[in-house]
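The values are calculated or read from the model by the stated rules, or taken from the named source; none is laboratory data. Owing to the predicted nature of the structure, the values given are computational and were not obtained by experimental measurement. Heads up, the Cβs are rebuilt from the backbone with ideal geometry, glycines too, and the neighbour counts pull from every protein chain shown. What goes into the accessible areas is simple: the full protein's heavy atoms, side chains included, and nothing from ligands, DNA or RNA. Shrake-Rupley method; radii C 1.70, N 1.55, O 1.52, S 1.80 Å.
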Amino acid sequence: RVPLVIRLVIGRGWGQGPQHSQSLQAVFAHVPGLKVVMPTTPSDAKGLLVAAVEDENPVIYLEHRWLHGIFGPVPEEPYRVPIGKARTAREGRDVTIVATSYMTLEALRAAELLAQDRIEAEVVDLRTIKPLDMPHVIESVRKTGRLIVADAAWRTLGLGAEILAQVAEEAHTELKCSPRRVSFPDVPPPTSWALANHYYPRAVHIVNAARTMFGLPERTEEQLGVRLDAPQDVPDKAFTGPF
């Protein structure tokens, strides 16, 4: 028994570059015996933390710094969100978007943009990446026949690669086209804003991954009506977190 919880901050911001903008969830998830949780919503943050504290195993609790300014309902009484259980954040029938942590918000934004083209995206928030709730993912993929994994980390040997591999093993006959990963390029996070604007994946990248699945041309953020009001190394204006 090792009842230990380690809270760690991940994510980009303020020109911190490769020293402080690392997202090492795949590294922790690779270690046998560790559980790794990545909440998105305030209610899941509390419920997963309570579950982690009560768990008899070591739990790595990863918080994306841009989520510290997110608001939402949180019950006052103690409750638990089961470790290892994903949730469907948005129902859809055309394409499954599996996301983690902050990328769940980008996936939900992408789903709204795709709805303008009558593409109904189902968004699955993993909440936990070790253990993975693959039955939930595969059930969604069997419904939609298409899969995109959006993970704010590196492409090679990452979470997206693992999910695509397991779907290929369990449900490849259900896929209508090749699955896609939306992730970091395999280079260290940049420090300059100019480079950050081309480095970090956003809703537009998820939208274009889906559009190519349906034989539609890619679109820019301007064409989608999405304005970039700030460098991509600075969070949304609504962010009011302590970092």
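For region 169-182, which positions are over 15 Å from His136 (Cβ atoms) and part of a helix (DSSP H, G or I)?
Of the residues in region 169-182, the ones over 15 Å from His136 (Cβ atoms) are 169, 172-173, 175-182.
Those that are over 15 Å from His136 (Cβ atoms) and part of a helix (DSSP H, G or I): Glu169, His172, Thr173.
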I'd like to know if region 181-190 contains one or more residues that are without any contact (Cβ under 8 Å) to a residue 60 or more places away in the chain, of a type in the set (S, T, N, Q) and within 23 Å of Arg65 (Cα to Cα).
yes
Show the residue pairs meeting these rules: Cβ distance below 7 Å; 6+ apart or different chains; first residue within region 26-54 and at positive phi; second residue not in a helix (DSSP H, G or I).
Gly33/Asn57; Gly33/Pro58
Could you go through region 78-85 and let me know if any residue there is in contact with a Leu (Cβ under 6 Å, 6 or more places away or on another chain) and farther than 23 Å from Val167 by Cβ.
yes
Counting just the residues of region 27-60 that are farther than 10 Å from Val5 by Cβ and charged (D, E, K, R), which one comes out most open to solvent (accessible area, probe 1.4 Å)?
Glu56
Every residue from region 14-24 that is part of a loop (DSSP other than H, G, I, E, B) and more than 17 Å from the chain's Cα centre (by Cα)
Trp14, Gly15, Gln16
Pull out all pairs, ordered by first then second residue, where Cβ-Cβ is under 9 Å, the residues are six or more apart or on different chains, the first lies in region 191-212 and is at pLDDT below 90 and part of a loop (DSSP other than H, G, I, E, B), and the second is open to solvent by 20 Å² or more (accessible area, probe 1.4 Å) and among the hydrophobic types (A, V, I, L, M, F, W, C).
Asn197/Leu228
What strands (runs of 3 or more DSSP E) lie completely within region 78-168 and have 3 or more residues being not aliphatic (A, V, I, L, M)?
87-90
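The rows are residues; the columns are (1) under 27 Å from Leu175 (Cβ atoms); (2) over 18 Å from the mean Cα position of the chain (by Cα); (3) among the acidic types (Asp, Glu); (4) at pLDDT 95 or above.
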{"position": "Val5", "(1), (2), (3), (4)": "no, yes, no, yes"}
{"position": "Ala26", "(1), (2), (3), (4)": "yes, no, no, yes"}
{"position": "Val37", "(1), (2), (3), (4)": "no, no, no, yes"}
{"position": "Ser101", "(1), (2), (3), (4)": "yes, no, no, yes"}
Test Glu169 against the criterion of being in contact (Cβ under 8 Å) with a residue 12 or more places away in the chain and open to solvent by 40 Å² or more (accessible area, probe 1.4 Å), and give yes or no.
no
Number of the exception - Trp66 against (1) at pLDDT 95 or above; (2) touching a Pro at 6+ places or on another chain (Cβ under 6 Å):
(1)
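Counting only residues that are touching a helix residue (DSSP H, G or I) at 6+ places or on another chain (Cβ under 9 Å) and among the hydroxyl-bearing types (Ser, Thr, Tyr), which one in region 41-63 is modelled with the highest pLDDT? Quick ask: steps written out before the conclusion?
Here is the first cut: in region 41-63, the ones touching a helix residue (DSSP H, G or I) at 6+ places or on another chain (Cβ under 9 Å) are 41-42, 45, 59-63.
Going one step further and asking which of them are among the hydroxyl-bearing types (Ser, Thr, Tyr), we end up with 41, 61.
Details: Thr41: 94, Tyr61: 98.
Taking the candidates together, the pick is Tyr61.
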Looking only at region 1-26, and only at residues there that are closer than 22 Å to Leu49 by Cα and touching a Lys or Arg at 6+ places or on another chain (Cβ under 6 Å), the one that is surrounded by the most Cβ atoms within 10 Å (Cβ to Cβ):
Gly11
Any idea how many residues of region 121-139 are closer than 20 Å to Thr212 by Cβ and surrounded by fewer than 24 Cβ atoms within 10 Å (Cβ to Cβ)?
1
